[in-house]
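Q: The following block contains the structure, expressed as structure tokens.
The values are calculated or read from the model by the stated rules, or taken from the named source; none is laboratory data. It should be emphasised that the depicted structure is a prediction, and the values quoted were computed from it without experimental measurement. Using ideal geometry, Cβ is built from the backbone for each residue, glycine included, and neighbour counts are taken over all protein chains shown.
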Amino acid sequence: MDDATRIELEAAAYRRLRDHLRTRTDVQNIDMMNQTGFCRNCLSRWYDEAAAERGIEIGKDAAREIVYGMPFAEWRDKYQTEATPEQKAEFAKASHD
């Protein structure tokens, strides 16, 4: 497989993941962090970092909007729930980047 095709496939997989996460508003970021070690915020940070490596300034808020499909504050107000003590404890005992 040539590099251009590989990059196209990776980009398609990213878009599918992004779109899937946009529809799964029931899945909280803390649950993702506790289960997978990454969340929507991580994905947006990686997106912003990849842009910065190429000299493109996106910024945290714009990158989050790309991942969430709306401003983060709007998503948070609509979908984010308060983390339970159990979720917080699990998060605290895990090592997260």
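Q: Between a residue in the stretch 71-83 that is over 11 Å from Gln28 (Cβ atoms) and any residue that is of a type outside the set (Phe, Trp, Tyr) and exposed (fewer than 14 other Cβ atoms within 10 Å of the Cβ), which pairs come within a Cβ distance under 7 Å, given they are 6 or more apart or on different chains?
A: Taking only residues 6 or more apart or on different chains, the pairs are Phe72/Asp61.
Q: Right, something else. Quick check on this structure: which one of Val27, Val67 is surrounded by 14 or more Cβ atoms within 10 Å (Cβ to Cβ), under 18 Å from Ala11 (Cβ atoms) and under 14 Å from the mean Cα position of the chain (by Cα)?
A: Val67
Per-residue answers, yes or no, for (1) surrounded by 14 or more Cβ atoms within 10 Å (Cβ to Cβ); (2) in contact with a His (Cβ under 6 Å, 6 or more places away or on another chain); (3) modelled with pLDDT of 95 or more; (4) part of a helix (DSSP H, G or I):
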residue	(1), (2), (3), (4)
Arg45	yes, no, yes, yes
Ala63	yes, no, yes, yes
Lys88	no, no, no, yes
Ala92	no, no, no, yes
His96	no, no, no, no
